[in-house]
Structures are given as C-alpha cells and as structure tokens.
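These notes concern the structure reproduced below.
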Amino acid sequence: MKLRIIAILLLAVFMFSGCAQQRDISELTIFVAEESGSTDNSNDNSEDNSNSGSFPEPEIKPEEPEYVGFFSEAAVHTIDLQMPASDWDYFINHPLAKTYTSVDVVIDGEMYENAGIRTRGNTSLTWYVDYSKMRPPFEIKFDKYIEDRTFMGLDELSLLNAADDRSFLREYFGYEAFRALDSFAGCVTFFNITVNGKLQGLYVGVESVDSSYLDRYFNSHKHNLYKAEPQATLLPNMNYSTLDQKKGNDESKTDLKYLTKALDEMPLGEKGNIEDILDVDSVLKNFAVNAVIHNWDDYAGKHAHNYYLYLNDGKFYLLPWDMNESFLQWESSYSQSAGSKHDIITPLTWAAAPAEMRPLVKKLLAVNEYYLRYLDYCEQLNVWLRDIDESGRLNALHDMLDEYVKNDPTKFYSYYEFGMQFNKAYYYGIAYFIHDRTAYLTKRIEQIRTANKNPITGLELVAS
C-alpha cells in the first residue's frame, strides 16, 4: 500500500512538471478539438491521439554549423556548375518548370556531386524569361539525391540573379538589418558562377528557409512551416491556400485558423490572447526592418507576401524572405517623394491596402506597448543605417564586387549603372537612399515621439 502511495505521488510530481511545457499549446489543442467537432475532454493519452503528432519535441540543438562562418565575412566565392551541356541548355530554356535536375557543384574548389538544381523566384524569374535567356535565378539542394549531404551543414542555397538590384547589395543589407536587431535572418554572401568552366556571372547567395535554417534557430525543422504567397493577409476569411505548407505533418491548417481567429478577436488596443499563439517580437522586428529600409514587397505592402510562418512549441514566428525590393526609389512606380522619405509611422508601404486589410499591423500596433517597441526597433535600425552611411563599408563592398560586375557577361544592368549606385549624389542609388533615409528618420522618429499619439487608436502613447 505504501509503495502504491509513493508511486502515485511520484506520478503526480512528474505530471505537474510537464504542465508548463504544455501551456503554450493548450488553447490550440482545445481549438483543434472544437474545429473537429470533438468535445471529449477525457485524459486519453493513447498513441493514436490526433494531436500528438502536431507538435514534435524539439531536437537537441547542434553546435553552430560551419556554413555560418563561411557566410559571415564579406567575400566573393566561386561556384562551378558541372553538368552535360544539353542539360544546362534545357535548364535555361525551360525556366518555368522549376523541376530539379542533377548537377555537380564545385564551391571554392570543393566538389559536391549529384546535388539538385532548379529555377526559383517570381519577379526575378519573369525578368529572366522576358529579357534574358542567360541568367536564371536558381537554387541548389545539396541533399536532393544524397540523403543528409550538406554544404558545411547547409542543405539549400538560393542563388539570386540581381534582376532588379543594380547594387547587388539589397539582399545583403536587408538580412543584415534583421541581424542588427538580433532577429531571424538568412546568411548572405556572393558567388562568381561558372558553368562547365564558362563564366556565368555574379550572383547573390542566400541561405534558404529550409531544414538547416530552422534547426539553427529552433532546434527542429519538423513543425509546420508556411510560405506566404500573394494576399496572405491573415484575415479570418482569407484564402488559406495563399499560405503554402512547406513542412509539417498536420495539413489541416487548423493552427493558421486559430492564429487568424485570435488576431481577429483582439480588442483594439489590448493584447487579448495573441501571445499564446504568436511570437509578437518577431513580427515587430519584421515591421521595423521593412519600414526603415522601405521594403514594400512584404506583408505590409501591396501584395501581403514574402514571409514565412513557423510553428514552434505552439507559437508562430514570422520569418523574413526576399529583400531585393528594399532600399528602392528608382522604379517607375515611385514618385519623387517616395523611397527614402517614406513614412514609418506604420509599416504600411507603397500601394498597401488600408490597415483593416493587414490585421497584424492594425491589431498589434494598436497596443501601446507594442507600438513603442516598434519605434525603439526603428531607432536602433537608424543607428545601424547611420553607421553604414558614415563608415567606409559601401565603398569597401563596391571595391570587392567591382571587377566581378565589370566582367559579368549576363548582368541585367551596365557597369556604369552599378557604379552610380555608390554615388551619394545620385538620387536613385543605394548610397543616396541610405544617406537621406537616416537623416529623415532621425527627425521623423523624434516627431512621432513628441506627438505621443498611437496612429491606430489616436490615443496617448505614454501618459504625461
């Protein structure tokens, strides 16, 4: 009898210690049951529980992978793609297929045999199809045909063709902005690419949001991962097919419905239950980065896309993707007042719908605590921008890339246009943008703080 009592007490202690780990997913579990029509609250913990596979246990985080060090220093590396000429010809002439084919990849002299290669992208791919038959954007998946094979721990690398980036630096600085806030960011570097020894040109290499990326930040890559396609607004009546599921076994998208429901039910100016399902800080940092560097091609822009949602331990994290439309003010779509002087009072950018159509913006920034944190992040990023402007970094990067761009046979823009990007007197260049942006932001942030009004609610931000 005493042994039975001791066993029961030990079991109770064990079960209690696990409650904290389950707190974050408890409401979602209830929501899943409600959505499925089940109201059974029994304590059936059998293996066939329908929710048991939705939230895998985090894996043990490995040491920082070797590729992080490879990407950390600004450099131009080499890639030689080795494949039969007929395969390459088919690859570049059928870009919209986006189907994998085998390629041997030599990076800085190191051979990686039988990797997978396919075209990638939307606008950058359209530019290739419409204006060139020489310079496709593509990705290399090192483990496509050989299980668990990586490049220094990296499973997938995206190679961007700088289709609308005369500087080659917009992705580079875009992800650096996230690192400046200690937020989620893919690694970025540069590659001078040859195909069977023949020069292809300078590309920007970005770590893909795939298993190695998720392992690096979350200790696991087995949870649900969604990639936002156009009009992934997170409104409760949205078309959920706009969030393309890339990973995870539960394909019901009930987790997304819970997120949009929690967001929709947030009382204006109050947190509601949003922190139970969303890592708010990842969203606020995303807002600040895209507002400061004027990346209009994100959630808060016209198309409401180019982001990932990853569900980890019961909470969604907003992950950035595709920064090539940042630091821009030269497109024909822009007026002279856009670009470096675009307001940051909210992160809504060029041609975006009203805040009602972007509930993450409206509901989160209506909470004073969140709005003030957003402003703090904008201020931190302004310091980062000022450092770029006042240091010699832009000139150093120009000098590093100069000969590669000059000799690039497939680039979309002239060598002269590349050089002008680094001239602070050239209105449409990245150097002018950074210089003018930090001057504008210094004044604008002070104005917003002095006004002391939440732009969503119109109420006082800080009690006087």
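Averaging the Cα positions of each part gives two centres, and for segment 413-427 and segment 142-161 these lie 34 Å apart.
The aspartates and glutamates within cross-link reach of Lys285, meaning a Cα-to-Cα straight distance under 12 Å and a gap of 8 or more places when in the same chain, are Asp182, Asp376, Glu379. Computed from phi, the 3J(HN,Hα) profile of segment 395-407 under the Karplus parametrisation 6.51, -1.76, 1.60 (θ = phi - 60°) reads 5, 5, 5, 4, 5, 5, 8, 3, 5, 5, 5, 4, 8 Hz, with x in place of Gly and Pro. Sequence-ordered 3J(HN,Hα) estimates for segment 104-117 from the Karplus curve with 6.51, -1.76 and 1.60 and θ = phi - 60° stand at 8, 10, 10, 10, 6, x, 9, 8, 10, 7, 6, 8, x, 10 Hz, glycine and proline given as x. With 29 Å as the limit on Cα-Cα distance, the pairs of Lys246/Lys341; Lys141/Lys253; Lys222/Lys257; Lys144/Lys257 that go past it are Lys246/Lys341; Lys144/Lys257.
Please give the FRET efficiency for Asp376 paired with Tyr100, using the beta carbon to beta carbon distance and R0 = 60 Å, rounded to the nearest 0.05. Taking R0 as 60 Å, the efficiency between Asp376 and Tyr100 is 0.85. For a test of the definition: using alpha carbon positions, the gyration tensor, and the 1.5 limit on a/c, classify segment 66-212 as rounded, prolate or oblate. It comes out oblate by the Cα gyration axes.
Taking amide H atoms as placed 1.01 Å from N in the peptide plane, the amide H of Thr194 lies under 5 Å from those of Ile79, Asp80, Leu81, Gln200, each 5 or more residues away in sequence or on another chain.
Computed from the coordinates by the stated procedures, all read-outs in this text should not be read as laboratory data. Because the structure is predicted, anything quoted here is derived from the model rather than measured. Glycine also receives a Cβ, built like all others from the backbone with ideal geometry; neighbour counts cover every protein chain displayed.
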